[in-house]
Structures are given as structure tokens and as C-alpha cells.
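Report on the structure given below.
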Amino acid sequence: MRDWFKNILTRHVGLVSFTAAVCVFTLAAFQAPLLSYALRFSDLHTVEGWVQILSLQVLQFCLFAALVGILATIALWLMKTVVAVLFIVNAVALYFMLTYGIEIDRTMVGNILNTDQRETAELLHVSLLPYVLFLGIIPAVVILAIKVQAPKRIWRLALALGAIGVLAAWSIVTSFTMLWYDRHASRMGSKILPWSYVVNVARHFDRVAMDNREQVLLPDAYFVTAPSAPKDVVVLVIGEAARADRFSALGYARETNPFTARYDLAVFPAGLACSTNTISSTACILTHEGRHASARTVFEPLPNYLKRQGIATIFRSNNSGPPPIDVDLYQNRADILEACAAAPCPEGGSDALLNWQLGDLIEQAQSARVFVTLHQTGSHGPAYYSKYPKEFEYFTPVCDTVQVSRCSQEALDNAYDNTIRYTDSLIADLIAQLDALSDVNAALIYVSDHGQSLGENGFYLHGAPNAIAPKAQREVPFFVWMSEGFAQARNLTPQSILRQETHPHDFPFHSVMGAFGLRSEIYKPEFDIFNNYEQ
């Protein structure tokens, strides 16, 4: 074996042989997610079914061969370096695709690139090492060590053009399979390595460039009512990955909402999130466009808009992915930990940090109107067991690993349900803080950015395209608490603001405007839950 390996590294290998070898290795090592999907929708009892699967092999082989040929035309060292890097990244991607059933589309790339270090660490597990070592590092080392003997550049380019020509000819001959490809293109495209992440990384940064454009200011607003107390306060809590069907307040059999049960909440029917990823959903929640907003929206978000109208704005985040925020006070997890360093801090990096001395901040605000946004880490997976303090481990046993697919369904459900129960305790604590403030009329709105899959039909986590996302990833809770003074001043009750149909990501912007008596040409009364219009 050692002599064979030494022979491979010392002899010169032709470019065509090198290209064929790396293409075959790619097919053998990295297409399990693609094949598992394609085979479910191909009838191998027919010739057409076999052609569909064979066409996938031709497509992958020719595309990779064309890439190798183009890189070789530029420089052989560049060709080998890129192929080596792609093998390593492929190995990592394959692990996560097989372990969590994810698809690497544009929204998933956004999730990956916007995952902070803490969340990234939660995803790492020793079981990743064999993938990286045997499918990534060792093949990469071999690639870099091989001495490739290549012809003149014109023939290297001919290799790339030839591969493209073969693919074009094959596509013409097998055109009768085009309808099948068209029907499954988006799903298969997110499973083809390395193209799923190469193409979608480019698409993601195109969107980032759009996001960084100068924000379009919304029209100036005016107040139609004076504050109903020395201070009117609205707190918007954006939850993370909290699926509606795990809330006992919405009919779940387990007691996941015992802490808020003592308060008179307006619990709306479950509604659909506008997306299954944090970036897009947060943009929807904080924009006047609601579910019609793009993740690339350039309109200023709600906190920025309210600040321009003279409302004191506070934004605390234990998450990532919000649009550009310009507020009076912005604090992330590190900022709050630094602020509470001299006092007892909430345990670790839990969402209790967002609640820490919030009542004091509200009292210190120099405005008769105060708006607070709290962006939780909530029920973000896969390390559900780490999202709550140990004393909140109510349902046991729990899945205490990031390899959730290896846990029993009971243990996984227990860990996730504990995160919902913990969030409920934090909402109850916020209500208690607001209720204890003197000369303050307050309202609290809770809405989750999206749901979460817990193994149903092989799906885990979130980020599936809306077209195929299960309802567990789309249906989210929306509920509201109003202080007695807030409700009386507006002649409201929890029952009077309920709607038969919930638009969880359309309600927040216009309801917050309504709560402060704010109006402008973008205000939509039909989405203001505090508006007593004829429904």
C-alpha cells in the first residue's frame, strides 16, 4: 500500500487522467444526498428513470471537468489548490446534509454565514472528523502532492470546452427528461456538491450587497393621540425557532406555558411565518411590508423609524441577522455581560440576559414613549439542551448532543419542549417587570421568527424553502399582553384584539404604530391589532 501511494506521488499524471480521477471521486464520495432524493422520484423500472439518474452523473462529471479545465488553463497550482479546498468543504457539507437533512440553498448559506461563534460551536461534534479526514484532508493532500503533466494551455481550454460540449450534446439527446429536471431542479440543485454552496454563496453575497445599500427612509409620521400615561411602553420579543404546536397555550398537551398562564394573554391562532430563516423573517417582522418584504428590503426597519419620530428605542439581541439598526441603545450579548459584570449576571449566555434590569432602562429613558426590541436565541438547535439553565430541565430524559438524529424522539422532544417552557418563564418575567413599573402603560408582543423541524419526514432544524417547508418550520405563535392601564385607555380587552386569522409578521409594525398613536401613509389599520376598527 505504501509503495502504491509513493508511486502515485512520484510519477507524473496526465491532465485528462487527473481530471477523470477527481470527477469520479466526487461522484463516489459526495452525491449521497442527491441520489437519495433523485431515486425517490425516478422509476427505475423504465428506461426514462435510468436515463434520469445517468444524466445526473453526466451533469456532475462534465461540470467538474469543465471547472478543472478552466482552472488548469490559468495555472496548474490554482487548479490543484481549488480542487483540494472543494474536497474539504464538500466533506463538511456532506456531514451536515446527512446528519441534519439540510439543503444548501441561498437561505441556508445565509444562515450558515450569519451563525455566530457560539452557535457554530454547538454544531461541532467529533463525528465530523472522519468525514473531514477521509473525504477531505487526505484526498486534498494527495491532490496537492500529485505531479500533473499538462499540455499547452490551448489544449487545457479544449478540455473544458469539450466537457461543456459533451454535456450540451447529452442534454439534447436526453431532452425527454427535461420536464423531470425542471420539476425537481431547485431541490436537486441544493444537494449537488460543490455547486450547491458555490452558486448559493455567490447569490448570498449578491443579496448582502443589496442589503448594504443606503436605507430608504419612510415618510414622516405624526401622533394622533397623546401618551396614555406618563410613559407608554411597547416591548416586541422576537423568538427564535419556536414552533406553534409546542405551546400549551395553543393546545399542546404538555405544560409548556405554565408561567404565563396566570396572565390574561391574547393568544392568537397559529399563523405562517414569512420565511423559515432568521434573516428573512426578522426583516419581515421589522418592516411595514410584512410578509411581502424581501430579505433584501431597503426600507428602514421599525426601530429606526420610531427613533426618527422621537420615540426612545432600545434593541437587545442574543441572536444574529437583524437588518441595520439605528437606535438610542443597542446591546448584544457581550455588551450586556460587560454591563452586568459587577452584579449577578444571568447564567451563561441564556436569554435571561435580555431581561436583565430592563425595567430600569425603561424608567431611565428620557421620553414619554419607549419601544424595546428583544431578539432571543430561543429554541435554536441543535444544542437545545444548552438553551436553558439546568433547573429548567423539566422534561426528561433530554437529547444532550448536537447529533439530534441519533437521539430518541422522546429525548429530542423533551429538550426542545424545555426551551419553550424556559422562554415562557422569561416572558412571564418581562410581564412582571412591566407590571411593576409605576406611571407606565405597557404592552408586550411575542412572535417567533420561524418554526423548527424535529425529525419529521427526515427534516431537522429550519431553513427549508417555503415551497417545501413543513408546517413545523412555518407555523409560529403570536400573543400579546396588555397592562390594565394600556387596555383601559384604548377600550380594549385581550378578547377584543383577537383575530380569526393571524398574520404574525404583518402585525408587529402596524400594531406598534397603533399602540403609540402614530400615523403615516404607510400605516395599515387592518394589521393594527390595537385598532378598534370594524373587522
Segment 13-60 - accessible surface per residue (Å², probe 1.4 Å):
46
Just in segment 301-371: which GluC sites (Glu not before Pro) are loop by DSSP and have at most 16 other Cβ atoms within 10 Å?
347
Which distance in nm do the two modelled labels at residue 154 and residue 129 give, with both placed 7 Å along the Cα-to-Cβ direction?
5.2
Angle between the chain longest axis and helix 153-173 axis [Cα atoms, degrees, rounded to 10]
70
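Mind giving me the FRET efficiency for residue 85 and residue 435? R0 is 60 Å, r the Cβ-Cβ distance, nearest 0.05 is fine.
Step by step, r from the Cβ atoms, then E = 0.60.
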Explain nothing, just compute: Karplus ³J(HN,Hα) = 6.51 cos²θ - 1.76 cosθ + 1.60, θ = phi - 60°, for every residue of segment 425-436 in order, whole Hz, x for Gly and Pro.
5, 6, 5, 4, 5, 4, 4, 5, 4, 5, 5, 7
Rounded, prolate or oblate (a/c below 1.5 giving rounded, otherwise prolate when a/b exceeds b/c) for segment 278-331 by Cα gyration tensor:
oblate
Compute the helix-to-body angle for 195-211: its Cα long axis versus the longest principal axis of the chain, expressed 0 to 90° and rounded to tens.
40
Expressed as a percent, the accessible surface of segment 348-503 that is carbon or sulfur, using a 1.4 Å probe and the full set of protein chains, is 45
With θ set to phi - 60°, apply the Karplus curve 6.51 cos²θ - 1.76 cosθ + 1.60 along segment 132-139 and write out the HN-Hα couplings as whole Hz, x wherever there is a Gly or Pro.
5, 5, 7, 9, x, 5, 4, x
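Can you classify segment 228-313 as rounded, prolate or oblate using the Cα gyration tensor, where a ≥ b ≥ c are the square roots of its eigenvalues, rounded means a/c under 1.5, and otherwise it's prolate if a/b beats b/c and oblate if not?
Here segment 228-313 falls in the oblate category.
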In nanometres, the difference between 0.36 nm per residue of separation and the alpha-carbon distance of residue 54 and residue 532 is 165.9 nm
Relative to the longest principal Cα axis of the chain, at what angle does helix 15-30 sit, 0 to 90 degrees, rounded to 10?
40
Report the relative contact order of the chain, percent, no decimals, based on alpha-carbon pairs under 8 angstrom and at least 6 residues apart.
20
I'd like the accessible area for residue 506, computed on protein heavy atoms only with a 1.4 Å probe and all protein chains in place. Round to 10 Å², please.
10
Listed residue (462, 159, 341) projecting farthest to the positive dipole end of the chain, Cβ model:
159
Accessible area expressed per residue, segment 252-300, with surrounding protein chains retained (probe 1.4 Å, Å²)
37
Taking amide H positions as placed 1.01 Å from N in the peptide plane, with prolines and chain starts having none, which residues 5 or more places from residue 332, or on another chain, fall under 5 Å of its amide H?
317
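Compute the Cα gyration tensor for segment 124-187, then decide on rounded, prolate or oblate, letting a ≥ b ≥ c be the square roots of its eigenvalues: rounded whenever a/c is under 1.5, prolate when a/b is larger than b/c in the other cases, and oblate in all that remain.
Numbers: a/c = 4.72, a/b = 1.22, b/c = 3.88.
Note, shape of segment 124-187 comes out oblate.
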Leaving out ligands, DNA and RNA, and with a 1.4 Å probe, what % of the accessible surface on segment 57-96 is carbon or sulfur?
92
Cysteines without a disulfide-compatible neighbour (Cβ-Cβ under 4.7 Å), the chain
23, 62
Dipole of the chain [Lys/Arg +1, Asp/Glu -1 at C-beta], most positive-end residue of 104, 518, 448
104
Using mean Cβ contacts within 10 Å as the protection proxy, how do 231-241, 166-176 order, highest first?
231-241, 166-176
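The values are calculated or read from the model by the stated rules, or taken from the named source; none is laboratory data. Computed from a predicted structure; not experimentally measured. In this analysis, Cβ positions are derived from the backbone assuming ideal geometry, glycine residues included, and neighbour counts consider all displayed protein chains. Remember, those area values only see protein heavy atoms, side chains included, never the ligands or the DNA or RNA. Shrake-Rupley method; radii C 1.70, N 1.55, O 1.52, S 1.80 Å.
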